[in-house]
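Visitor: Next up is a structure, given as structure tokens.
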């Protein structure tokens, strides 16, 4: 997704937390080679869908930027420290 490509992945674990079925790629049943092949065929047979998914995949991947994640974590800690100090007063 980071290079702007849709992903085809098995719908297991936390994959469905970041892969949006039909937008950034396709979630398929685990170990189902027929459905995987159908998803690949679908992506490559519809150029407009491929382009939409490529843009959506790249945009979604931006959410996982390391610097953005660090900033979010830092804000969480700053807010916790502020609330803790406020309660102590």
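Visitor: How far is helix 66-88 tilted off the main Cα axis of the chain, in degrees rounded to 10, range 0 to 90?
Guide: Roughly 30 degrees between the two axes.
Visitor: Then there is this: I'm spelling it out carefully: the read-out is log10 I(q)/I(0) by the Debye sum over Cα atoms at q = 0.10, 0.20, 0.21, 0.26 Å⁻¹, the candidates are (i) -0.40, -0.91, -0.96, -1.21; (ii) -0.20, -0.86, -0.95, -1.47; (iii) -0.26, -1.02, -1.11, -1.45, and one was derived from this structure. Which label?
Guide: Label of the calculated value: (i).
Visitor: Given Cα pairs under 8 Å that are at least 6 residues apart, what percent is the relative contact order of region 7-64?
Guide: Details: 54 pairs, mean separation 19.7, N = 58.
Over region 7-64, the number comes to 34 percent.
Visitor: Any idea what angle helix 47-62 forms with the longest principal axis of the chain, computed on alpha-carbon atoms, 0 to 90 degrees, nearest 10?
Guide: Relative to the chain, helix 47-62 is tipped by roughly 20 degrees.
Visitor: Additional query: Angle, helix 33-45 long axis vs. longest principal axis of the chain, Cα atoms, 0 to 90°, nearest 10?
Guide: Taking the Cα atoms of the chain, the angle to 33-45 is about 90 degrees.
The numbers here are math on the coordinates, done by the rules we state, and not lab data. Every value quoted in this text rests on a predicted model; they were computed, and no experiment measured them.
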